[in-house]
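Single-structure report; data block below.
None of the figures in this text is laboratory data; all of them are computed from the coordinates on show. As the structure is a computational prediction, the values presented were derived from the model and not from experiment. Cβ placement follows ideal geometry from the backbone for every residue including glycine, while neighbour counts extend to all protein chains displayed.
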Amino acid sequence: MTGISSLADLVWARGYTDPAWARRHTTAGRELVSSRRVWRGSDGASALPTTASAGALDGLGFTGAPGGSLTLTELLSRAETDALLVMHRGLLVHEEYLHGYEPHVPHFNASAAKSYLGLVAAVLAHEGQLDRGMQVARIVPELAGTAFGDAQVDHLLHMGTQLSYAGRPYDKALEAQRYFAVLAPQLRPYGYTGPATIREYLATARATGEPGIAFRYENGNVEALAEVLRRVTGTTTSDLLSEMIWSRIGAEEDAYYLLDSEGAEAACGGFSATARDLARLGEMIRRGGAIGDRQIVPEAVASTIASGVPDGYPRRVCFPAAPPEARATLSYHDLWWIPNDPYGSFMASGIHGQRLFISPALDLVIVHYASQVVSPAVPQIPLVQAFLKIGTHLCD
């Protein structure tokens, strides 16, 4: 499978270059493969109070985007935005849906899902149920001899493995295509004889370097971590997220994970949820893990997502989308991106423009869903800078 030489390659490539196709499949993942719900619980939905100043962003201008200064409407159009929710100091100040996307429909989160699993893992580690320093193979014996089995749990949480699959040179984009061919049988090319499950795919990974030395963003780390958490807790990823978080934040709708043929969740990016419920998750984290007087996530976990980045490891990652007023780096901690801006911000980030952006010093939570084209020919909208502009504007 090299280039666009198979059905899997063609479908994946269309998601990069055709926003209409990508948009259709951000909300219809369950039409492609099996899924499992993340139950919202029985307590009913919590309120998202709206401020009287809703609409305060309508006249806001954004600089630094391709094509010069943009209004919010223009920026959302350029970003192929499906939904934008902005919460400031606990109040919903902006809520907008585009391209026919509806508030009650779960939207594909792509790799933003990694951060939610990282939060669960951090809570389990804080509570003593998960040993960050334990070798993965001791928890998941089937991964012994693989790059993931040789690593420690903390290496998975920080993308610290160096590997290749099935003896072939590592190529991030092509491995993403192969991963989705594993997940969805209908995306496999004729005559496909490769791995048929996530577990089989992970078993082909061999180390090409010592773990914990350098950062390389790789989906397999998250899938291996999800299996670790399943073994430690004895429950599915969907039920674990529901029990620990989703059923406790006052969600309006069930979320869901896509499944492979063995019933294992696609933890690295197969999660979907509504924008309003993701805003509830972000607001809980911004408030130190609490909703009202109810502590959902330990304060020590929620308040150190950005500040808890260890010195020396993970290595700081050069990333051109860092805010201009910050150091030109991102850090990565427990599967969350840290922009290193002056406001202690952090975010869950997924391809095509999925973001959960939390900025404690700005009292800000932003949910952005989109179906962006990903192509060298299409300039990307600097979303992080736009989010910071929104936050500083609201604080004025």
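Computed about the Cα centre, the dipole magnitude for region 99-228 is approximately 300 debye when only Lys and Arg (+1) and Asp and Glu (-1) carry charge, each at its Cβ. Charge dipole (Cα centre; +1 on Lys/Arg Cβ, -1 on Asp/Glu Cβ; no other charges) of the chain amounts to roughly 480 debye. With the convex hull drawn around the C-alpha atoms of region 124-216, the volume per residue stands at 110 Å³. Of the residues Ala275, Val120, Ala137, the one whose Cα sits farthest toward the positive end of the charge dipole of the chain, with +1 on the Cβ of Lys and Arg and -1 on the Cβ of Asp and Glu, is Ala137. Once the Cα atoms are used to define both axes, helix 172-183 deviates from the longest principal axis of the chain by about 80 degrees.
Volume per residue of the convex hull around the Cα atoms, evaluated for region 40-161, comes out as 205 Å³.
Computed over the chain, relative contact order equals 25 percent, with contacts defined as Cα pairs under 8 Å that lie 6+ residues apart. In the chain, one over the average inverse separation of all distinct C-alpha pairs is 21.3 Å, which is the Kirkwood hydrodynamic radius.
Per the Cα gyration tensor, region 356-396 maps to an equivalent ellipsoid with semi-axes of 24, 11, 7 Å, ordered largest to smallest. With the convex hull constructed from alpha-carbon coordinates only, region 174-287 shows a mean projected area of 9.3 nm² over all directions.
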